[in-house]
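Trainee: Quick one: the structure is below, questions incoming.
The values are calculated or read from the model by the stated rules, or taken from the named source; none is laboratory data. Please read these numbers as outputs of a predicted model, since none were measured by experiment. Here the Cβ is made from the backbone with ideal geometry for all residues, glycine too, and neighbour counts use every protein chain on show.
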Amino acid sequence: MNLPHYQKGLSMAGWMFLILVIGSVITIGTKLAPLYLDHNTMSNIMDGLPQEKGMVTKGNVELTDILRKRFKMNNIRDFDFKNHLTINRPEDRVVIDMNYEVRLPLVHNVDLIASFEKQIILRD
């Protein structure tokens with residue numbers, strides 16, 4: 001069987017498909033990247049709490065205010081502490097749970113949903 005040697009590269013349909021795939025990846029990436037950067041910032045702030053002395057003795061309102069101020073300083077302003085942050089005090093420690101989900105519109109009625117969880121334990 002003789003194959004034609006003059007055809008090289010992608011056809012027009014192949015190029016259109018390739019552009020569609022690359023465009024979709026770039027679109028989704030540009031929408032999700034800020035979410036993960038914000039979560040990484042919030043996780044780093046929370047990870048720094050156990051290194052500070054006296055955090056266990058602070059009340060829930062005071063701990064929430066500390067986190068709120070640090071989040072605001074790092075330009076995270078729309079986090080709902082009331083619904084997404086819980087502080088529990090079993091025995092001699094403090095457990096701070098941060099669970100939230102972010103929903104972003106992608107195209108028409110298709111949304112991107114990202115859920116995040118973080119837990120830290122404060123001890124004396």
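Trainee: Hand me the list of helices (runs of 4 or more DSSP H) wholly inside the range 1-100 holding 3 or more residues that are more than 16 Å from Lys118 (Cα to Cα) and not β-branched (Val, Ile, Thr).
Mentor: Helices (runs of 4 or more DSSP H) meeting the threshold: 12-48, 60-73.
Trainee: Is it the case that Val95 is modelled with pLDDT of 95 or more and either surrounded by 11 or more Cβ atoms within 10 Å (Cβ to Cβ) or of a type outside the set (S, T, N, Q) (or both)? Give the steps one after another, and end with the answer.
Mentor: Working: modelled with pLDDT of 95 or more: yes; either surrounded by 11 or more Cβ atoms within 10 Å (Cβ to Cβ) or of a type outside the set (S, T, N, Q) (or both): yes.
Answer is yes for this residue.
For every residue, the table says whether it meets (1) touching a His at 6+ places or on another chain (Cβ under 7 Å); (2) more than 16 Å from Ile87 (Cβ to Cβ); (3) modelled with pLDDT of 95 or more.
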{"residue": "Leu35", "(1), (2), (3)": "no, yes, no"}
{"residue": "His39", "(1), (2), (3)": "no, yes, yes"}
{"residue": "Met42", "(1), (2), (3)": "no, no, yes"}
{"residue": "Ile45", "(1), (2), (3)": "no, no, yes"}
{"residue": "Pro50", "(1), (2), (3)": "no, no, no"}
{"residue": "Lys53", "(1), (2), (3)": "no, yes, no"}
{"residue": "Val56", "(1), (2), (3)": "no, no, no"}
{"residue": "Gly59", "(1), (2), (3)": "no, no, no"}
{"residue": "Phe71", "(1), (2), (3)": "no, no, yes"}
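Trainee: Just to be sure before I move on: is Glu101 out of contact with any helix residue (DSSP H, G or I) (no Cβ under 7 Å at 6 or more places or on another chain), at negative phi and of a type outside the set (A, V, I, L, M, F, W, C) in the structure I sent?
Mentor: Yes, satisfied.
Trainee: In this structure, is Val102 out of contact with any Lys or Arg (no Cβ under 7 Å at 6 or more places or on another chain), surrounded by 13 or more Cβ atoms within 10 Å (Cβ to Cβ) and not polar (S, T, N, Q)?
Mentor: Values: out of contact with any Lys or Arg (no Cβ under 7 Å at 6 or more places or on another chain): yes; surrounded by 13 or more Cβ atoms within 10 Å (Cβ to Cβ): yes; not polar (S, T, N, Q): yes.
When the stated conditions are applied, Val102 passes them.
Trainee: Condition check: in contact (Cβ under 8 Å) with a residue 40 or more places away in the chain and either of a type in the set (Asp, Glu) or in contact with a helix residue (DSSP H, G or I) (Cβ under 6 Å, 6 or more places away or on another chain) (or both). Does Phe81 satisfy that?
Mentor: Working: in contact (Cβ under 8 Å) with a residue 40 or more places away in the chain: no; either of a type in the set (Asp, Glu) or in contact with a helix residue (DSSP H, G or I) (Cβ under 6 Å, 6 or more places away or on another chain) (or both): yes.
No; evaluated as a whole, the condition is false for this residue.
Trainee: Output the residue which, of all residues in the range 57-85 that are of a type in the set (Val, Ile, Thr) and crowded, with 16+ Cβ neighbours inside 10 Å, is farthest from Val95 (Cα to Cα). Even if it seems obvious, please write down each step before you answer.
Mentor: Here is the first cut: in the range 57-85, the ones of a type in the set (Val, Ile, Thr) are 57, 61, 64, 66, 76.
Pick out the ones that are also crowded, with 16+ Cβ neighbours inside 10 Å and you get 64, 76.
Values: Thr64: 12, Ile76: 22 Å.
It comes out as Ile76.
Trainee: Any idea which residue in the range 108-124 is nearest to the chain's Cα centre (by Cα), counting only those that are part of a strand (DSSP E or B) and farther than 18 Å from Pro34 by Cβ? Walk me through how you get there before you give the answer.
Mentor: Step one: list which residues in the range 108-124 are part of a strand (DSSP E or B), which gives 110-123.
Keeping just the survivors that are farther than 18 Å from Pro34 by Cβ gives 110, 117, 119-123.
Numbers: Val110: 19, Glu117: 9, Gln119: 14, Ile120: 16, Ile121: 20, Leu122: 23, Arg123: 26 Å.
Per the stated criteria, the residue is Glu117.
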